[in-house]
Amino acid sequence: MAFESKISLLNQIEKRIGSDVSFDTMPKIMSAISDILQNFEVVETVNRSNEPDDLLNIYLDALKVQGRSVKTIDRYAYVIGRMMDSVKIPTRQITVYHLRSYLSKEQARGLQDSSLEGTREVFTAYFNWLHREGLIEKNPTANLGAIKRAKKQKQIYSEVENEKMDRCCMSIRDRAIVYLLRSTGCRISEVTGLDRDNVDLGNRSALVHGKGNKERVVYFDDLTEMVLKEYFAERTDNNPALFIGRFGERLQPGGVRVMLNRLAEQAGVEHIHPHKFRRTWATNAARHGMPIQEVASIMGHEKLDTTMRYITIDNRDKEYSYRRYIG
């Protein structure tokens, strides 16, 4: 047993527990620990906490090559980086216990179960990839179980709420944004990323760039077509962007959210946000009998499970289906 290693370990133990025991008790505790250590070999390992850890950057580069969106990559970098800053050890030394401890602290901090599960899913994706690539020997998320979430009935916009929004839209541009979100089920980033050339008024369709820079065609109704024609008629600029701000620049998602928050106050409608339009569209499409595969394709989903999370089924839907198919 290396004498220096033993002394170093005893010093660390004394510092760790020194403030929790009395002055008279400390010598007895340290003597007992020293006697126990006589039967073990103590080897001081090299502290690698300050060594370069570039596994996260390697993973983020892989996400870029896979075509993942900048928003997704930034989120993964933030979530994983925050955990790394907390545990303060290199990736290869992280165990499931470190991750559980971190998630427990986040929970105590007030993070909701849904956000906590999202964080766990990011960790799982990261360490699964590292393990598949052979960059780590053990996967610390192998036994990191899913976090149970309380299932809440997600709401969609009613006809009355839609009418209130229509009456309170302050400009033809705002009305066009609301109508396009409502009739296409697009993500907010997809709507703000549209150019005028992407919109085919004659066919009532638009070519959008979704997640992973994947293109798909979405469709809109005749009311949206009418509003878009009015909006195009009042545009006198040469900006190719479909929607622009008051200074002539392309409107960004944050600008749309500000507009929707203002609209919520004016219309007296709670929680006007883009994803609720998307959920409403998916639910209405399913209620009208559109096959779930087609709903998923229009929404830009690769997995049907993702689409199903957007569809709200209430008791009236279930009763109608029962009466129709069972009796």
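If you go through region 280-302, how many residues are of a type in the set (A, V, I, L, M), surrounded by fewer than 17 Cβ atoms within 10 Å (Cβ to Cβ) and either in contact with a helix residue (DSSP H, G or I) (Cβ under 6 Å, 6 or more places away or on another chain) or over 19 Å from SER205 (Cβ atoms) (or both)?
Keep residues of region 280-302 that are of a type in the set (A, V, I, L, M), which gives 282, 285-286, 290, 292, 295-296, 298-299.
Among the residues that remain, those that are also surrounded by fewer than 17 Cβ atoms within 10 Å (Cβ to Cβ) are: 290, 292.
Then keep just the ones that are either in contact with a helix residue (DSSP H, G or I) (Cβ under 6 Å, 6 or more places away or on another chain) or over 19 Å from SER205 (Cβ atoms) (or both); that gives 292.
Result for region 280-302: 1.
ARG235 falls short of the stated requirement of being touching a residue at least 60 places away in the same chain (Cβ under 8 Å), of a type in the set (D, E, K, R) and on the phi < 0 side of the Ramachandran plot.
A search for C-beta distances below 8 Å between a residue of region 288-304 that is closer than 16 Å to GLU190 by Cα and any residue that is assigned to a loop (DSSP other than H, G, I, E, B), counting only pairs 6+ apart in sequence or on different chains, returns ALA296/GLU302; ALA296/LYS303; ILE298/GLY185; MET299/GLY185; MET299/TYR310; GLY300/ARG187; GLY300/GLY210; GLY300/LYS214. The sole residue among GLU215, GLU225, GLU190, GLU234 that is over 20 Å from SER69 (Cα atoms) and modelled with pLDDT under 95 is GLU234.
If I filter region 37-72 down to residues being part of a helix (DSSP H, G or I), modelled with pLDDT under 90 and touching a Leu at 6+ places or on another chain (Cβ under 9 Å), which single residue comes out as farthest from GLU137 (Cα to Cα)? Step by step, filter region 37-72, then rank; the result is LEU37. With the structure loaded, tell me whether ARG82 is more than 24 Å from the chain's Cα centre (by Cα), modelled with pLDDT of 90 or more and in a helix (DSSP H, G or I) or whether it fails that test. Taking the combined requirement at face value, the residue does not satisfy it.
Every condition in (1) over 14 Å from GLU161 (Cα atoms); (2) under 25 Å from the mean Cα position of the chain (by Cα) is met by PHE247 except one, and the failing one is (2).
Can you find a residue in region 296-312 that is at pLDDT 90 or above and of a type in the set (Val, Ile, Thr)? No, region 296-312 contains no residue that is at pLDDT 90 or above and of a type in the set (Val, Ile, Thr).
Yes or no, residue by residue, for (1) modelled with pLDDT of 95 or more; (2) touching a Ser or Thr at 6+ places or on another chain (Cβ under 8 Å); (3) β-branched (Val, Ile, Thr); (4) assigned by TED's automatic domain parsing to the domain that holds ASN284:
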site	(1), (2), (3), (4)
ASP113	no, no, no, no
THR119	no, no, yes, no
ILE147	no, no, yes, no
GLN153	no, yes, no, no
GLU163	no, no, no, yes
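In region 67-85, the qualifying residues are those that are over 17 Å from GLU190 (Cα atoms) and of a type in the set (Lys, Arg), and the one that is surrounded by the most Cβ atoms within 10 Å (Cβ to Cβ) is ARG75.
The values are calculated or read from the model by the stated rules, or taken from the named source; none is laboratory data. Just so we're clear, the structure is a prediction, and the values are computed from it rather than from any experiment. Because the Cβ atoms are built from the backbone with ideal geometry, glycine has one as well, and the counts that use them run over all protein chains shown.
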